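The values are calculated or read from the model by the stated rules, or taken from the named source; none is laboratory data. This structure is a prediction, so every number in the text was calculated from the model and none was measured. With ideal geometry, Cβ positions are generated from the backbone for all residues, glycine too; neighbour counts draw on all protein chains shown.
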């Protein structure tokens, strides 16, 4: 049976038990993670005759001006379908997508994950799929072989970092990383970055740290100045490069390349997968840097549709125009 579950009816223990054993297992889909990045999230679940969750689809719901809609949360690149033993029955996926379509009129963006694949014929005509990708690097080989696959640029930048005698410091203080981002990145993001985004990051880091799933690294120069930071999430043999920022000196000294190489060295020769959380392909410079570590592309889809009544669509567009007018 397929059910829509509001937040208060989700059995979070059963949910997390499934996510932990799922072939698609990702930290993003754990209940406590979703509680931080998407408070009040809902779900569509397929259950067996004993009431056990077999396939689940987390739905990150938001509400604005009394309108409920689905939108990808921050710090959550992938979601989608998670199953107890692999999704072999496409009919279940089709039924769950139908419940999604009937329950939610507006899906701004609902990412699936790199293990999800199904025919587009399962979708309504109004539903579109946007093809996205991240970059994965298997760390199963020993470090010398991994290093040999670095691009010439990565090797040169790593040597530059070594020449200025950068060192790595592990920390439990995320504030310097947030400060680097505010000072060097936020101003270049259209519309700016609300303080709520940093609050969410602080809360997420606290939860990750309590569960032993976070590694927060900084680079320190020879004079003792901290100049770049990276936050990694480590869950079930997956390492996610989830947040990073650097000062001007940190960029100049290639601090983030130095930290990524450090993580690769530490987990090389083990059955780990490093997920660079690569941005859209339009950000070619960043994609090129990540690919320079030998990472390969892994695709996933993002679901979009808008079946709001025409009048509501028009009102929404007018409000958005007013917002843009006052922002510019």
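On inspection, residue 199 qualifies as surrounded by fewer than 15 Cβ atoms within 10 Å (Cβ to Cβ) and either touching a strand residue (DSSP E or B) at 6+ places or on another chain (Cβ under 7 Å) or not in a loop (DSSP other than H, G, I, E, B) (or both).
When the stretch 11-37 is limited to residues that are touching a helix residue (DSSP H, G or I) at 6+ places or on another chain (Cβ under 7 Å) and in a loop (DSSP other than H, G, I, E, B), the one that is surrounded by the fewest Cβ atoms within 10 Å (Cβ to Cβ) turns out to be 25.
Among all residues of the stretch 315-328, there is none that is at pLDDT 95 or above and within 30 Å of residue 192 (Cβ to Cβ). Within the option set 214, 222, 197, being touching a helix residue (DSSP H, G or I) at 6+ places or on another chain (Cβ under 6 Å) and assigned by TED's automatic domain parsing to the domain that holds residue 286 holds for one residue only, 214. For the stretch 99-122, which residues satisfy the criterion of being over 16 Å from residue 55 (Cβ atoms) and in a loop (DSSP other than H, G, I, E, B)? Correct list: 104, 105, 114, 119. Checking each residue of the stretch 209-216 against the condition of being loosely packed, with under 15 Cβ neighbours inside 10 Å, touching a strand residue (DSSP E or B) at 6+ places or on another chain (Cβ under 7 Å) and within 17 Å of residue 246 (Cβ to Cβ) gives no match.
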